[in-house]
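The values are calculated or read from the model by the stated rules, or taken from the named source; none is laboratory data. Note that this is a predicted model, so its numbers are computed, not measured. Using ideal geometry, Cβ is built from the backbone for each residue, glycine included, and neighbour counts are taken over all protein chains shown. The area values use the complete protein model at the heavy-atom level, side chains included, leaving out ligands, DNA and RNA. Shrake-Rupley method; radii C 1.70, N 1.55, O 1.52, S 1.80 Å.
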Amino acid sequence: MTDFTMTTDTDGIATITWDVPEKSMNVMSLVGFAELDGLIDAALADAGVKGIILTSGKKDFAGGMDLNVIARMREEGGAEGIFDGVMRMHQILRKIERAGMDPKTLKGGKPIVAALPGTALGIGLELPLSCHRIIAADNARAKIGLPEIMVGIFPGAGGTTRLVRKLGAMMAAPFLLEGKLSDPKGAKAGGIIDEVVPAGELLARAKEWVLNAKDADLVKPWDAKGYKMPGGAPYHPAGFMTFVGASAMVHGKTMGVYPAAKALLSAVYEGALVPFDTALKIEARWFTSVLMNPSSTAMIRSLFINKEALEKGANRPEAPDQTVRKVGIIGAGMMGAGIAYVSANAGIEVVLIDAAQDAADRGKAYSESILDKGISRRKVTPEKKAEVLGRITATTDYTALAGCDLIVEAVFEDMKVKADVTAKVEAVVGPDCIFATNTSTLPISDLAKASARPDQFIGIHFFSPVDKMLLVEIIRGKETGDRAVAKALDYVRQIRKTPIVVNDARFFYANRCIIPYINEGIRMVAEGVAPALVENAAKLVGMPLGPLQLVDETSIDLGVKIAKATKLAMGDTYPDGAVDTVLFAMADQGRLGKKANAGFYSYDEAGKRQGLWEGLEAQYPAADVQPDLSSVQQRLLMAQVLEAVRALEEGVLTDIREGDVGAVLGWGFAPWSGGPFGWLDIIGAARAVEICDALAASHGARFAAPALLRDMAAKGQQFYTRFAQQPKAA
Ligand code: NAD
């Protein structure tokens, strides 16, 4: 069984079909590349072959490079191994591009066409880009593009050099720098592919093109005489503007913390100044440098390999299939309405209950508004809208819950209200139904006391807004059984989100880490650190929102509520009095955050964020001596990271992969680092302990290094090696 096979028809058309055995999607491996190389050689050498169609035996063309292979290449061959491997790929793709033509006259080559039945991503597009024509089936669900930048690398098999030469740097920028994906029609409009044809005509049209192709049709613009880069090369006046702008834009977006974006831009700029083959070599050098950067290792690990492993159920207990057929959602407020939408959209029948019918109807109307938006963007058809809405029954009648195999409760955050709802639900559902609560702060084990079946009681914690946020936190209470965990995981898979499974403890995992981040930012304001320094320090280290902006978004009264509840629970050991002074004062002044159009930031009447509120520095004057940037960053990062380590020490987290994936997807923890454990591995445990000791001496015991970290520093260990021993960790 091989990844590529070739057949030649009576007209002399060789069809090379990519069909990786036992996979639903083609991914490129080194072995696959070697097979393709052999078949191309054979077809080019065979006088009976007039031209070649490269296609797929699956519904899609290819999902990209097997990133596990890249990880292995780095481990085994280091920089030299990677560079040689990449140059070998370039040679093969260049051979396809030149297709046996005479290098001087550019005549006599064999036409090679890529026929894409569906999705073509990463190397799955870089390979077609080396062909002489790209024809795609008209398949609206297909995605075409180069998403490498999203996992911390960039298109390194010639995709960068080819696309820039094809479209010009400016037009190629969204595809390369933002990983923009398009459907086939969009890809054609964007100039990435050449033709879109009805699916049933794909191969016939490809063959027709091959049979009619002339010598000139095979010559890429960059191989033809007098080629000029569209939009101008760097030293052309127009090109100059592009590169100056792009450089500033990339830095503005990435804050300089993503090595891939910078390297990509360098490969584009430097490559534009030299002949095509030299540009490929430059691309390979920058690609190698990115793959050798620990940030790319960490990003690939968390955002691709481990994310996928968790989605496939890496931590799912043994239990029969728990696919959800009918879900009951209690509480049709902000969260319940979102949960109803994602469930119905995934094909699950939904009963959406609220105390009053109009509240239930409002909850259902939320789905309608999202679907309408989809229709206006041509992502949703009216039929699909009717289908999804048809799955949602909005009611106040609990008997409608009969037949539900899962309940998700999202009523007010109140122990008593939730307990009443639990009893009411259990009176009408069958004995196998799993009951999940979406609480953010109440212990699952306490809520489970209201249930007659605590082994079937679990936490499924969504993040807001539900339809956008990718992470779902599943919380095991003390008595939660394996089937409930399996049910929650199967449900999260159905709604196509990424799950982590954690044990029950205050604020579970994500909120446990994010609250100290917000608090540290507010504490600094109280100390007289300039608020702009706090916010910019956070962004410059890769946090999507500064802590003050974040608390404005989540609302200051929620912060006050959480602070009061935490203080009540902790008593004298409560450490955040200094934070509360600022937070409570903001709330007293009615500055409740974004929703009130007033918080740590000012907002205009339309609710658009302006700048930091000027009154802030008047109330908390900036100290004469300001801390340096890195010490502010260390405080902001360590506040989160140490909570993650403590969560692991305490057994709240049982798998560091979940800690990292959860952090990046849940609250946007510096994605370039791959997550808190990824970050600690990058700086090393010894350095982390040193930072903790210094911070603890100047700012207090909250920064004391956890015993686990000290032990790892003493032994020179990394998280991903120490915990790799466990069968669960990657
Ligand atoms: P919300 O106030 O918007 O919605 C709660 C809904 O529950 C209201 O529509 C209310 O009418 C309904 N309700 C109250 N008592 C009921 C009862 N006895 N029977 C039926 N319906 C009842 O609140 P929300 O923001 O959607 O939060 C709901 C839950 O989700 C809370 O437990 C909250 O902690 C949790 N949560 C919220 C967020 C968030 O960002 N808002 C995030 C994660 C989890």
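Odds and ends about this structure:
- Residue check, GLY64 at positive phi and either in contact (Cβ under 8 Å) with a residue 60 or more places away in the chain or of a type in the set (Val, Ile, Thr) (or both): yes
Every residue, every condition in (1) modelled with pLDDT of 95 or more; (2) among the hydrophobic types (A, V, I, L, M, F, W, C); (3) in the same structural domain as ALA62 (by TED's automatic domain parsing); (4) surrounded by 20 or more Cβ atoms within 10 Å (Cβ to Cβ), yes or no:
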| residue | (1), (2), (3), (4) |
| --- | --- |
| GLY158 | yes, no, yes, yes |
| SER182 | yes, no, yes, no |
| GLY190 | yes, no, yes, no |
| ASP217 | yes, no, yes, no |
| LYS225 | no, no, yes, no |
| HIS236 | no, no, yes, no |
| THR242 | no, no, yes, yes |
| SER247 | no, no, yes, no |
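- Only listed residue being at pLDDT below 95 and surrounded by 16 or more Cβ atoms within 10 Å (Cβ to Cβ), chosen from PHE723, PHE719, PHE677, PHE669: PHE723
- Across the range 1-49, the number of residues qualifying as more than 14 Å from GLY100 (Cα to Cα), open to solvent by less than 10 Å² (accessible area, probe 1.4 Å) and small (Gly, Ala, Ser) comes to 3.
- Within the range 388-397, none of the residues are more than 14 Å from the ligand (Cβ to nearest atom), of a type in the set (Gly, Ala, Ser) and within 30 Å of the chain's Cα centre (by Cα).
- Residues in the range 175-215 that are closer than 18 Å to LYS110 by Cβ and free of Cβ contacts under 8 Å to residues at least 12 places away in the same chain: GLU208, ASN212, LYS214.
- Any hit, the range 332-350, residues being more than 12 Å from the ligand (Cβ to nearest atom), outside the structural domain of ILE656 (by TED's automatic domain parsing), in contact with a Ser or Thr (Cβ under 7 Å, 6 or more places away or on another chain) and closer than 21 Å to ASP432 by Cα: yes
- Complete set of residues in the range 328-358 that are in a helix (DSSP H, G or I), touching a strand residue (DSSP E or B) at 6+ places or on another chain (Cβ under 9 Å) and either open to solvent by less than 40 Å² (accessible area, probe 1.4 Å) or within 16 Å of SER464 (Cα to Cα) (or both): MET335, GLY336, ALA337, GLY338, ILE339, ALA340, TYR341, VAL342, SER343, ALA344
- Annotation: of all residues in the range 489-511 being of a type in the set (Phe, Trp, Tyr) and within 12 Å of the ligand (Cβ to nearest atom), the one that is least open to solvent (accessible area, probe 1.4 Å) is PHE508.
- Selected residue (criterion: most open to solvent (accessible area, probe 1.4 Å)) from residues of the range 549-574 that are within 12 Å of the ligand (Cβ to nearest atom) and touching a residue at least 60 places away in the same chain (Cβ under 8 Å): ALA565
- Across the range 647-663, the qualifying residues are those that are open to solvent by 10 Å² or more (accessible area, probe 1.4 Å) and in a helix (DSSP H, G or I), and the one among them that is farthest from SER295 (Cα to Cα) is GLU649.
- Complete set of residues in the range 361-373 that are open to solvent by less than 10 Å² (accessible area, probe 1.4 Å) and more than 8 Å from the ligand (Cβ to nearest atom): SER367, LEU371
- Of the criteria (1) out of contact with any Lys or Arg (no Cβ under 8 Å at 6 or more places or on another chain); (2) at pLDDT 95 or above; (3) surrounded by fewer than 23 Cβ atoms within 10 Å (Cβ to Cβ), which one GLU311 fails: (1)
- Within the range 407-429, residues that are among the small types (Gly, Ala, Ser) sit with their Cβ atoms under 6 Å from residues that are near the ligand (Cβ under 6 Å from one of its atoms) and assigned to a loop (DSSP other than H, G, I, E, B), at 6+ positions apart or across chains, in these pairs: ALA410/GLY331; ALA410/ASN438.
Yes/no matrix, rows are residues, columns are (1) in contact with a Leu (Cβ under 7 Å, 6 or more places away or on another chain); (2) assigned to a helix (DSSP H, G or I):
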site: ALA622; (1), (2): no, no
site: SER630; (1), (2): no, yes
site: VAL645; (1), (2): yes, yes
site: LEU665; (1), (2): yes, yes
site: PHE677; (1), (2): no, yes
site: ALA686; (1), (2): no, yes
site: ALA714; (1), (2): no, yes
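- Strands (runs of 3 or more DSSP E) contained entirely in the range 402-488, each with at least 1 residues that are open to solvent by 30 Å² or more (accessible area, probe 1.4 Å) and either more than 9 Å from the ligand (Cβ to nearest atom) or at pLDDT 95 or above (or both): 471-476
- Any hit, the range 34-44, residues being in a loop (DSSP other than H, G, I, E, B), over 36 Å from the mean Cα position of the chain (by Cα) and in the same structural domain as GLY159 (by TED's automatic domain parsing): no
- Any chance VAL551 is part of a helix (DSSP H, G or I), assigned by TED's automatic domain parsing to the domain that holds GLY577 and out of contact with any Leu (no Cβ under 7 Å at 6 or more places or on another chain): yes
- Tally of residues being assigned to a loop (DSSP other than H, G, I, E, B) and in contact with a Pro (Cβ under 7 Å, 6 or more places away or on another chain) across the range 532-548: 1
- Residue match in the range 440-460 (condition: touching a helix residue (DSSP H, G or I) at 6+ places or on another chain (Cβ under 8 Å) and within 30 Å of GLY374 (Cα to Cα)): yes
- Residue in the range 287-307 that is within 20 Å of the chain's Cα centre (by Cα), open to solvent by 10 Å² or more (accessible area, probe 1.4 Å), more than 16 Å from the ligand (Cβ to nearest atom) and without any contact (Cβ under 8 Å) to a residue 24 or more places away in the chain present: no
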